[in-house]
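The values are calculated or read from the model by the stated rules, or taken from the named source; none is laboratory data. Please read all numbers here as calculations on a predicted model, not as lab measurements. So basically every Cβ, Gly included, is an ideal-geometry build from the backbone, and we count neighbours across all protein chains shown. Only protein heavy atoms, including side chains, enter the accessible area calculation; ligands, DNA and RNA are left aside. Shrake-Rupley method; radii C 1.70, N 1.55, O 1.52, S 1.80 Å.
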Amino acid sequence: MPRPPAPQVRTVSKGPSTALIGGVVVLVVVLVAALVWAATRDPGGLDSQGTGSTLPEGGGVSLGPGTDADVTQIRIYEDFQCPWCGVLENSIGPALTEKIEAGEVNVTFQIMSFLDGSLGNDSSVRAANAALCADDADVFLDFHAAVFANQPQQEGAGFTDEQFLRWAEEAGVEGEALETFGRCVEDLPHTGYVEDMQTRANQDGVTGTPTLVVNGETVGNEEMSRLMQDPGALDEVLADHS
Amino acid sequence: MTSAPTHAHHDAPAAPAPAPTPPGRGWPDAVGLVARLLLGGVLLAAGLFKITDLTGSVQSVVAYQLFPYEVARLIGTTLPVVEIAAGVLLLAGLLTRSAAVVGGVLMVAFVAGIVSAWSRGLTIDCGCFGTGGPVDPEDTRYLSEILRDLGLLALAGWLVVRPRSPFSLDGHLPKGR
């Protein structure tokens, strides 16, 4: 006699299968990753408006005879909360200002703001915005020097709007212009351009500050530490890269 | 083992079929649990640090000088999501083997990236837990970063071979695929 067919073994399903869970997880991860990627994307490219002195496409604040002029072209990548940027500015800043005003060099300040993320505040973006407000008031260099001269003792303590106002006032902004500056500091109209400057720096491959580029050549570590210690080394370093 | 030893002459009625080793017994289970928690915890922490500082995450990838900017941005923004997902799955013990494969592949990629940066003479922080980028030559920690990632790779390898461990959701899923 043939054996009767074995009863069908029925698997008791207690919940979703591994494959289903796996599929859902992969879908969620892909969706979230796409959202994060899209949220940090600048859809229009680097098209934010800067000030009268800024280069297009987040190219920084350019002061001097211009990027086309036949003079030494200097690019400084910096973050207002970066202590070594402060050391560099406090050392060679005055000499650079003189050279800019004499029309001997053109300096482009590429102001980055990545330190906000690691320090957990928003002072880099706010200071960069305020520096552009200062450029609107024609006092960029004085304001820029004041921010670095007054960096907090403790990295990460940041800056206040009151400090920005005081430094603008000390740079000679007064009356109606000072009120305009105050509104500019508060309303943060330049954050789009500030973000573009950060992106542009990364597109240039710069990930650390301060980075100094003279006529297209990045100044090396040894020369950088000389510049930080001795403002007198500036002429020599500039000549080396001309 | 907590079950009392059974004596041969003890005439128990129809001894129950020996149950499969219950979870939580034996050193392999302990290793599996530790591997899950360590690898999962590190991946989750690394992902959380990066996703709360996406600018720094992207910049850390740029610092390796391996990819064009848009590719670096794609990696810097999506990597933290993958790390968090793999980390959470490992901590929960859900899809342990697949999550461990992902973790292992990430570790291989990280080691390759760090070795590449080291061999090209770059002086960067790995950016493993957020903002990396250039550091002073005497401040690089390539060897310890590589050893840490190789250790995590070993844990991932264990879980790929033997994903079973106590306190895992996998243990509650219907058997069979």
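Below are the figures for this structure:
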quantity	calculated
Test: residue in the range A:165-187 that is touching a Pro at 6+ places or on another chain (Cβ under 7 Å) and in the same structural domain as A:C85 (by TED's automatic domain parsing)	no
Filter result for the condition that a residue is in contact (Cβ under 8 Å) with a residue 60 or more places away in the chain and either open to solvent by less than 40 Å² (accessible area, probe 1.4 Å) or away from chain B (no Cβ under 14 Å) (or both), over A:D196, A:D161, A:D187	A:D196
Residue match in the range A:25-33 (condition: outside the structural domain of A:S113 (by TED's automatic domain parsing) and under 26 Å from the mean Cα position of the chain (by Cα))	yes
A:G216 being at positive phi and surrounded by fewer than 18 Cβ atoms within 10 Å (Cβ to Cβ)	yes
The lone exception for A:I21 - which of (1) within 13 Å of chain B (Cβ to nearest Cβ); (2) within 16 Å of A:E195 (Cβ to Cβ) it fails	(2)
Contacts under 8 angstrom Cβ, first residue in the range B:148-177 being under 28 Å from A:G15 (Cα atoms), partner among the acidic types (D, E) and in a helix (DSSP H, G or I), 6 or more apart	B:P163/B:D170; B:R164/B:D29; B:R164/B:D170; B:S165/B:D29; B:P166/B:D29
Any hit, the range B:47-66, residues being in a helix (DSSP H, G or I), under 17 Å from the mean Cα position of the chain (by Cα) and farther than 21 Å from A:L31 by Cβ	yes
Filter result for B:R97 (in contact (Cβ under 8 Å) with a residue 12 or more places away in the chain, within 14 Å of another protein chain (Cβ to nearest Cβ), touching a Pro at 6+ places or on another chain (Cβ under 8 Å) and part of a helix (DSSP H, G or I))	yes
Tally, over the range A:60-94, of residues that are part of a helix (DSSP H, G or I), open to solvent by 40 Å² or more (accessible area, probe 1.4 Å) and of a type outside the set (S, T, N, Q)	4
Which listed residue, of A:S48, A:S113, is under 26 Å from the mean Cα position of the chain (by Cα) and at pLDDT below 95	A:S48
The range A:196-242: number of residues that are in a helix (DSSP H, G or I) and either touching a Leu at 6+ places or on another chain (Cβ under 9 Å) or more than 29 Å from B:T131 (Cβ to Cβ) (or both)	17
Search result, residues across the range B:141-165 that are open to solvent by less than 40 Å² (accessible area, probe 1.4 Å) and outside any helix (DSSP H, G or I)	B:P163, B:S165
Residue in the range B:151-169 that is within 14 Å of chain A (Cβ to nearest Cβ) and out of contact with any Leu (no Cβ under 8 Å at 6 or more places or on another chain) present	yes
Qualifying positions in the range A:120-135 - of a type outside the set (S, T, N, Q) and surrounded by 20 or more Cβ atoms within 10 Å (Cβ to Cβ)	A:V125, A:R126, A:A127, A:A128, A:A130, A:A131, A:L132, A:C133, A:A134, A:D135
Any hit, the range A:85-95, residues being hydroxyl-bearing (S, T, Y) and more than 15 Å from A:G60 (Cβ to Cβ)	yes
Unmet requirement for B:A99, which otherwise passes all of (1) under 15 Å from B:V61 (Cβ atoms); (2) open to solvent by less than 20 Å² (accessible area, probe 1.4 Å)	(1)
Hey, A:M224 under 22 Å from A:D68 (Cα atoms), touching a strand residue (DSSP E or B) at 6+ places or on another chain (Cβ under 9 Å) and either buried (at least 18 other Cβ atoms within 10 Å of the Cβ) or in the same structural domain as A:I92 (by TED's automatic domain parsing) (or both) or not	no
Among residues of the range B:91-126, those that are at pLDDT below 95, among the hydrophobic types (A, V, I, L, M, F, W, C) and in contact with a strand residue (DSSP E or B) (Cβ under 9 Å, 6 or more places away or on another chain), counted	2
